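This report refers to the structure that appears directly beneath it.
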Amino acid sequence: MTDTTAPIQPPVAEKRLHSFTHHGVKVDDHYAWLRDAGYPKVESEEILDHLKAENAWFETRMKPYEPLIDTLFAEMRGRIKEDDSSVPVKDGEWYYWSEFVEGAQYRQWWRKPAKGGRDGTEGKELLLDESVLAEGHDYFRLGAFSISQDGTKLAYATDTDGSERYNAVIKDLATGELLPETIEGTLGSLVWVANDKAIVYSLANENWRTDNARLHWLGQPVANDVELYHEVDEGFRVGSGLSSDEKWLLISASDHETDEVRIVAAADPLGEQVLVKPRKAGVEYDIDIAGDRLFVHTNDTHVNFRLAKATLAAPGTWETVIEGSDEFYLTGFEMFRDFYVTEGRQHGLDQVQVRYYDAPDRVEPVAFPEASYTAGLGNNPEYAAEILQLSYFSMVTPATVYDYDPKTRELTTLKVQEIPSGYDASQYRTERVTITARDGTEVPVSLMMRSDTPIDGSAPLHLYGYGAYGSAISPYFSTARLSLVDRGFIYAIAHIRGGDDLGRHWYLDGKLTKRANTFNDFVDVAKGLIERGYSSKGRVTASGGSAGGELMGAIANSDPELWGAIVAQVPFVDVLNTMLDASLPLTPGEWPEWGNPIEDAGAFELIRGYSPYDQVSAQAYPPMLVTGGLNDPRVTYWEPTKWVAKLREMKTDDNELLLKMNMGAGHGGKSGRFDSLREVAEEFAFILWQMGMAEAA
């Protein structure tokens, strides 16, 4: 029987005259009405009806492929160990870890006395069950999770709608009862101070900006909380944490390119705050303290950062410990009682190095077993640690947790990600190649495929990219990815400029006036892989989310004929309008990344020239699946909605264009581990359908 309620054509958004003028340039935006005037509340019936119509069209078009979605989801779920647990980590008198119960969408958090050893079970104690907290909610996310230093209390924060405005509570672990106070609208960490009598937190203001650090005394009304610091620059965000020795509260204020840090004794958070060094535009720094040592990680003398030291008496006078280097990109450090650890990348490859306070020339790099991998420090909460926990994986090696003994320089495997349905690494291979971009830059690409996949242009290839904020995309392992690779796909990660994969200069070469490098790199990687026989024109699919969704919009506009299908997840595509609106949550803090088109005519023209929404034209576009979240505070729901509406109006082809809007979620989509996995299955089914590799039911 035919479903007479199913739509027979996609919804068409009404065009309504709307324009604005900046720097003498008039811009028309006929879909501006899709932004609810009451945002962050979305209550307009006509807007909600339009989003529901888009979802109905998505469901109608995907319905014939529900059996494929079910198959893909079953494959992906079969690769997940449902009753999984993390490696217990010692912190003081306890070992802490998390577990998934079979069938559960969310974690449980546990601990046991350290005297019983890592493998003991005596005294096992359930601290928190996320599944219980998630009951009755379509969405749930645990934010901050912080145990008091004496181990008697737990402060945690939860979000039940995806808006990333968390409510924080405090649990007495002896009684299991919650303290009477609830701190609403927090964003960020919960830091124990004053000998566990108080916590420091940040509130998200009405524009979802953390411009404050506040002190809450346990048992006191939240209305009596004290503001320790308030940031007046609307582009800066405030965060708090403890030093490695837990004696100092660190209050930081930063945007995308400038930092400023204050310190105050954790035992006396209302005491005098000491400014480490005043902010200077373009100078980034972060600090840590261990005993009488203060270390600083900063880019003040070299783009790839140096490590410096200072005294508590003169924290702003910095003496170099490790010079900045063109070859080694110093990404961070962690201090322990007897040694410290630096992390970074050399030629794009992760490095973990143990170093010693009293022997500055003694450097002990940790040796890993593969030529291409991702590695870093794991969870190491103890200041007096003698053994380090490390994490490791590659595109063909499942996630692995090691213990590393600095004394013997030996790695001990604690856990390897288990894949219940089976996985044989010998059936796959990974490669790292470089593609020459149009300006002569060599762009690295990580690839994974089955060992028997031909390199003759016949294979479909999926290309993933991000390229923003200096966020490197590592050659990571993914069980979900196997559902494409096992069907003959080559999976590729393009390490394009805008990330910091090859050093800080790699990031700087993809931002502001050099933003086009990011888009060009991605296109040139696709063309280069085709030239080398990894795939062929029209057989390459692509995906990216958030700023990576902006990338998807740009490459769809510039080279539509290249792509067999595109998936744009929560895409940042209405760049010009968003950067012109200082009232939006992220905008002022984003100007160092994209430019300020309000004040700068050059930035206005640059952004208008690549903003995917503004550059939609009358041409054929590839098949596209676009996703969004109604409660997303990062990429607001109207960005993908307006983009799809304009694409429907302008495009000259009959290719699929689908919008799926999560009506009860935010930036990350659905929150449960299986619900989120089904969304991946939907995206993969769309790709297989468009590549002619799926049969309709």
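The values are calculated or read from the model by the stated rules, or taken from the named source; none is laboratory data. Bear in mind the structure is a predicted one, so any value in this text is a computation, not a measurement. Don't worry about glycine lacking a Cβ; one is built from the backbone with ideal geometry, like all the others, and counts go over all protein chains shown. In case anyone asks, the SASA skips ligands and DNA or RNA and just uses the protein heavy atoms, side chains included. Shrake-Rupley method; radii C 1.70, N 1.55, O 1.52, S 1.80 Å.
Take the range 210-233 and flag every residue that is under 26 Å from the mean Cα position of the chain (by Cα) and surrounded by fewer than 17 Cβ atoms within 10 Å (Cβ to Cβ). Passing the criteria: only Asp233. The residue that is nearest to Tyr383 (Cα to Cα), counting only those in the range 277-289 that are surrounded by fewer than 21 Cβ atoms within 10 Å (Cβ to Cβ) and out of contact with any Gly (no Cβ under 6 Å at 6 or more places or on another chain), is Asp286.
Return the only residue of Val401, Val341, Val303, Val352 being among the β-branched types (Val, Ile, Thr), under 27 Å from the mean Cα position of the chain (by Cα) and over 28 Å from Val283 (Cβ atoms).
Of the residues listed, the single one that is among the β-branched types (Val, Ile, Thr), under 27 Å from the mean Cα position of the chain (by Cα) and over 28 Å from Val283 (Cβ atoms) is Val401.
For the range 379-395, the criterion of being assigned to a strand (DSSP E or B), β-branched (Val, Ile, Thr) and more than 30 Å from His505 (Cα to Cα) is satisfied by no residue at all. Being in a helix (DSSP H, G or I), aliphatic (A, V, I, L, M), open to solvent by 10 Å² or more (accessible area, probe 1.4 Å) and touching a helix residue (DSSP H, G or I) at 6+ places or on another chain (Cβ under 7 Å) is not true of Leu576.
Scanning the range 107-124 for residues that are open to solvent by 30 Å² or more (accessible area, probe 1.4 Å) and either at pLDDT 95 or above or in contact with a strand residue (DSSP E or B) (Cβ under 9 Å, 6 or more places away or on another chain) (or both) returns Arg107, Trp109, Trp110, Pro113, Gly116, Arg118, Thr121, Glu122, Gly123, Lys124. Kindly indicate whether Pro315 is touching a residue at least 40 places away in the same chain (Cβ under 8 Å), assigned to a loop (DSSP other than H, G, I, E, B) and either of a type outside the set (Phe, Trp, Tyr) or within 30 Å of Lys153 (Cα to Cα) (or both). It is true that Pro315 is touching a residue at least 40 places away in the same chain (Cβ under 8 Å), assigned to a loop (DSSP other than H, G, I, E, B) and either of a type outside the set (Phe, Trp, Tyr) or within 30 Å of Lys153 (Cα to Cα) (or both).
Restricting the range 345-375 to residues that are open to solvent by 30 Å² or more (accessible area, probe 1.4 Å) and of a type in the set (D, E, K, R) leaves a set whose member that is farthest from Glu431 (Cα to Cα) is Asp358. Kindly provide the set of residues from the range 454-467 that are in a loop (DSSP other than H, G, I, E, B) and either in contact with a Ser or Thr (Cβ under 7 Å, 6 or more places away or on another chain) or open to solvent by 10 Å² or more (accessible area, probe 1.4 Å) (or both), ordered by number. Within the range 454-467, Pro454, Ile455, Asp456, Gly457, Ser458, Ala459, Pro460, Tyr466, Gly467 qualify.
Against the condition over 23 Å from Pro88 (Cβ atoms) and crowded, with 17+ Cβ neighbours inside 10 Å, how does Tyr392 come out, does it pass? So Tyr392 does not fit the description; no.
Only helices (runs of 4 or more DSSP H) whose full extent lies in the range 584-666 are considered here, and the ones with at least 1 residues that are open to solvent by 10 Å² or more (accessible area, probe 1.4 Å) and among the aliphatic types (A, V, I, L, M) are 601-610, 638-650.
Being surrounded by fewer than 18 Cβ atoms within 10 Å (Cβ to Cβ) and among the aromatic types (Phe, Trp, Tyr) holds for only one residue in Tyr95, Tyr65, Tyr39, and it is Tyr39. Count of the range 125-152 residues, restricted to those that are open to solvent by 20 Å² or more (accessible area, probe 1.4 Å), in contact (Cβ under 8 Å) with a residue 60 or more places away in the chain and in a loop (DSSP other than H, G, I, E, B), is 2. Restricting attention to the range 76-89, does a residue exist that is open to solvent by 30 Å² or more (accessible area, probe 1.4 Å) and among the hydrophobic types (A, V, I, L, M, F, W, C)? Looking through the range 76-89, at least one residue is open to solvent by 30 Å² or more (accessible area, probe 1.4 Å) and among the hydrophobic types (A, V, I, L, M, F, W, C). The test for being open to solvent by 20 Å² or more (accessible area, probe 1.4 Å), assigned to a strand (DSSP E or B), under 18 Å from Lys309 (Cβ atoms) and at pLDDT 95 or above does not hold for Thr342.
Every residue, every condition in (1) polar (S, T, N, Q); (2) at positive phi; (3) open to solvent by less than 10 Å² (accessible area, probe 1.4 Å), yes or no:
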residue	(1), (2), (3)
Thr479	yes, no, no
Leu484	no, no, yes
Gly498	no, yes, yes
Arg504	no, no, no
Leu508	no, no, no
Phe519	no, no, no
Asp524	no, no, no
Lys527	no, no, no
Ala542	no, no, yes
